[in-house]
Amino acid sequence: MSDDDLEALALLHDPVRRSLYEAVAGSGGDLGRGEAAELTGVSRTLAGHHLDKLVDAGLLESAFRQQEKKGPGSGRPAKVYRRAGGERSVSLPPRDYVALASVLAEVVDSLGAEEAAEKAARAAGERLGRGRSEPVEAVLRERGYEPYADGGTLRMRNCPFHVLSHEQPLLVCSMNLALCQGVLEGLGDDPGRARLDPRPGECCVALSKTKED
């Protein structure tokens, strides 16, 4: 945990900044000041002020989107915002679970124990879902997946295991799939709904409305 982490997360204590951050994060792409202002019910000027503060803190990134109209009178490129790719965490006293998880992932890989790891992940997911009456979306949202509907598919904007998935992608993604299948099984739902369907910047697992053959 660093002072920068504390300062960045403290910004989200302000309800306007938090709502703007959630609007940008929930958009799944680039969001303009006007769009963010409309979604959160604040003025465009106020939205721009707070969005730039979130950029300065490293919670958001900004870029410029070219206008569709070209040539004279097209206006300047519009400033847009997206969620930053980095991670922020705070624990008191400081903990480093990611480092230990990384070591354990290396051990599993070196021992060739992927099948055992998937079995353990599925059992853990089943425990998360067992006895719950909420839909799977609610359980996954609690775990940080940020699920959203995409036609007949439930996708997740966030991978809770982002750092490890870059170090050990095959292992982590297979365990992630097993975990989600376990959650479905614990809820009394069809584990076959979960499948690997990676997209850039999103979780590698997606859920269909019904089991696919």
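Picking from Glu61, Glu87, which residue would you name as being at pLDDT 85 or above, within 22 Å of His166 (Cβ to Cβ) and not in a helix (DSSP H, G or I)?
Glu61
Quick check on my filter: what residues within region 1-55 are under 21 Å from the mean Cα position of the chain (by Cα) and not in a helix (DSSP H, G or I)?
Correct list: Met1, Leu12, His13, Gly28, Gly29, Asp30, Leu31, Gly32.
List pairs: first residue in region 100-127 and hydroxyl-bearing (Ser, Thr, Tyr), second residue modelled with pLDDT of 95 or more and not in a helix (DSSP H, G or I) anywhere in the structure, Cβ distance under 6 angstrom, at least six positions apart or on different chains.
So the pair list comes out empty.
Note down all Cβ pairs under 6 Å where the first residue falls in region 33-58 and is of a type in the set (D, E, K, R), the second is open to solvent by less than 30 Å² (accessible area, probe 1.4 Å), and they're at least six residues apart or on different chains.
Arg33/Ala47; Arg33/Gly48; Arg44/Ala37
What number of residues in region 90-99 are exposed (fewer than 12 other Cβ atoms within 10 Å of the Cβ) and touching a residue at least 24 places away in the same chain (Cβ under 8 Å)?
The qualifying residues number 3.
With modelled with pLDDT under 80, closer than 21 Å to His162 by Cβ and open to solvent by less than 70 Å² (accessible area, probe 1.4 Å) as the only criterion, which of Ala25, Ala8 stands out?
Among Ala25, Ala8, only Ala8 is modelled with pLDDT under 80, closer than 21 Å to His162 by Cβ and open to solvent by less than 70 Å² (accessible area, probe 1.4 Å).
Kindly evaluate Glu134 against the criterion of being at pLDDT 90 or above and either under 29 Å from Val103 (Cβ atoms) or among the basic types (Lys, Arg) (or both).
no
Pick out, from region 103-204, the helices (runs of 4 or more DSSP H) lying fully within it that include 2 or more residues that are on the phi > 0 side of the Ramachandran plot, over 20 Å from the mean Cα position of the chain (by Cα) and surrounded by fewer than 19 Cβ atoms within 10 Å (Cβ to Cβ).
Here the list is empty.
The values are calculated or read from the model by the stated rules, or taken from the named source; none is laboratory data. Since the structure is predicted, the reported quantities are computational estimates derived from the model, not experimental observations. Neighbour counts run over all protein chains shown; Cβ positions are idealised from the backbone, glycine included. These accessible areas exclude ligands, DNA and RNA; they are computed on the full protein's heavy atoms, side chains included. Shrake-Rupley method; radii C 1.70, N 1.55, O 1.52, S 1.80 Å.
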